[in-house]
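Enquirer: Dumping the structure here so I can ask a few things about it.
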Amino acid sequence: MKKLILFISMAVLVAGFILAPKLSNQGKSNVVASTGLDIGQTAPDFKLKNVDGRMLSLAEVKDVNGMSPKGFIVVFTCNTCPYANMYEDRIIELNNRFSPKGWPVIAIQPNDTNIKPGDSFEEMQVRAKEKNFTFPYLIDEKQEVYPKYGATKTPHVFVLDAKRTVKYIGAIDNNPQDAADASRHYVAEAIEAIEAGKTPDPSVTKAIGCGIKGK
């Protein structure tokens, strides 16, 4: 009897070791983590499809005045994430405020649309029209751009200067739920610091949002 109990105990223990990795990965297989860029590194250019059907690169982006930008506010965002939705008007406001000063927003949708059909190119076009986006809204269809940048959330912001040097990475501000209650406006502060010849402080914050869904 003791031998039988010992055998059953060993079998349960072995099964636990076999199943544990599988259980720990449940619900995580489609969320892609990446390392990406650090402050001071040069961000890669890209050529992605905009909601107007044109292929667009950073080299081709102009500010609202039709001039070559001083820099770029690259925002990885999407239609379906509640955090992206909460920040949508703030992204619009960033472009309205800073594009005239030479810092346009470039929004990129990074999710796998098979997993998130609401982030399809057609739905992006609908969203851009509904919200009257005045900035590019691009699709990272092959999911090649966001890993190079290191984006892991929607929204996730990368502020680049005119040479595509990374100056700030992270969140837009410190209050996703209520813009009026935000006490730090990280992206705005970063651009103001750069304009003043200073280093953004902080230059890196934690992006709060939904994990990017990869193939």
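The values are calculated or read from the model by the stated rules, or taken from the named source; none is laboratory data. Everything numeric in this text was worked out from a predicted model, so none of it was measured. Glycine also receives a Cβ, built like all others from the backbone with ideal geometry; neighbour counts cover every protein chain displayed.
Enquirer: Just the residues that are in contact (Cβ under 8 Å) with a residue 60 or more places away in the chain and not charged (D, E, K, R), please, taken from segment 81-101.
Expert: Within segment 81-101, Cys81, Pro82, Tyr83, Ala84, Met86, Tyr87, Ile91, Leu94, Phe98 qualify.
Enquirer: Here's another thing I want to ask about it. If Ile115 passes every condition in (1) part of a loop (DSSP other than H, G, I, E, B); (2) aliphatic (A, V, I, L, M); (3) touching a helix residue (DSSP H, G or I) at 6+ places or on another chain (Cβ under 7 Å) but one, which one does it miss?
Expert: All conditions pass for Ile115, except number (3).
Enquirer: Of the conditions (1) without any contact (Cβ under 8 Å) to a residue 40 or more places away in the chain; (2) more than 12 Å from the chain's Cα centre (by Cα), Gly170 satisfies every one except a single condition; which number is it?
Expert: (2)
Enquirer: Just name the residue that is nearest to Met55 (Cα to Cα) out of those in segment 100-112 that are surrounded by fewer than 22 Cβ atoms within 10 Å (Cβ to Cβ) and not acidic (Asp, Glu).
Expert: My answer is Gly102.
Enquirer: Name the one entry in Lys213, Lys167, Lys206 that is modelled with pLDDT of 95 or more, of a type outside the set (Gly, Ala, Ser) and touching a Leu at 6+ places or on another chain (Cβ under 9 Å).
Expert: None of the others qualify; the one that does is Lys167.
Enquirer: Right, something else. Does Pro100 count as closer than 27 Å to His185 by Cα, assigned to a loop (DSSP other than H, G, I, E, B) and either modelled with pLDDT of 95 or more or not small (Gly, Ala, Ser) (or both)?
Expert: The answer is no for Pro100.
Enquirer: Cβ-Cβ below 8 Å, separation at least six or inter-chain, first residue in segment 102-127 and within 30 Å of Glu195 (Cα to Cα), second at pLDDT below 95 and buried (at least 16 other Cβ atoms within 10 Å of the Cβ): which pairs?
Expert: Hits for this filter: Gly102/Asp63; Trp103/Asp63; Pro104/Asp63; Pro104/Val64.
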